[in-house]
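See below for the structure under consideration.
Values quoted throughout were computed directly from the atomic coordinates according to the rules given, and no laboratory measurement underlies them. These numbers were taken from a predicted model, which means no experiment stands behind them. Every residue, glycine among them, receives a Cβ derived from its backbone with ideal geometry; neighbour counts consider all protein chains shown.
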Amino acid sequence: MKYTIGALALGAGLCLVSAAFAEPYTDYTPIRGATEVITLKVDPNHLDDYLTGLSKDWVKGQEMAKRHGVIDSYSVGVKLNSNAGDNVVLLVHYPSLANLEPDKERDLAMEKEARAAVSKDDESKIVAGYDKYRTFVSDEIWTAVEFPK
């Protein structure tokens, strides 16, 4: 038992030592931009309803954000074994973290464009019921790294 605990402690210590000596831009390179990862739990019986609703509002909003240069890509993922907790992920890639900063002119133009495309009443109808079968699990911002070849 003492040897097992000692071996585990030594292994954990070696992991910490190797992590302490990692050098950015040598061992890995941070990539510009960031990906927003929104994780949701949607009642599997309403998954089709939710995806249909996303196509009517969320997707249109992401397309508008692309046109304005705020994001460069987005996607929706659905977990195959959807009864296992969270089952939908929304991914949005910002080519620059600066795009997350407020920009009054851009933001007001996007709001005006969004209202011209979908009224507040229509938007309310699209999202009606979401709260009955959708729960937000997390909303995170991730950055990527590359490793040398």
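Given their separation in residues at 0.36 nm each and the Cα-Cα distance between them, residue 127 and residue 112 gain 3.4 nm when the chain is fully extended. Amide H contacts of residue 88 (H built 1.01 Å from N, in plane; Pro and chain starts excluded): 40, 42, 79 sit under 5 Å, all sequence-distant by 5 or more or on other chains.
Between region 100-149 and region 68-98, the C-alpha centres lie 11 angstrom from each other.
Going by how many other Cβ atoms sit within 10 Å of their own, how do 58, 142 line up, fewest first? Spell out each step's value before the answer.
Details: 58 19, 142 10.
Exposure proxy ranking, most exposed first: 142, 58.
Pairs spanning more than 24 Å between alpha-carbon atoms, out of 56/120; 79/120; 60/120; 56/132; 66/149: 79/120; 66/149.
In which sequence would 67, 134, 106 go, from the one with the fewest C-beta neighbours within 10 Å to the one with the most?
Values: 67 11, 134 18, 106 15.
The order, fewest Cβ neighbours first, is 67, 106, 134.
Whole-Hz ³J(HN,Hα) for each residue in region 57-68, computed from phi via Karplus 6.51 cos²θ - 1.76 cosθ + 1.60 with θ = phi - 60°, x for glycine and proline: what do you get? So the Karplus estimates, Gly and Pro as x, are 10, 5, 4, 4, x, 5, 4, 5, 4, 5, 4, 8 Hz.
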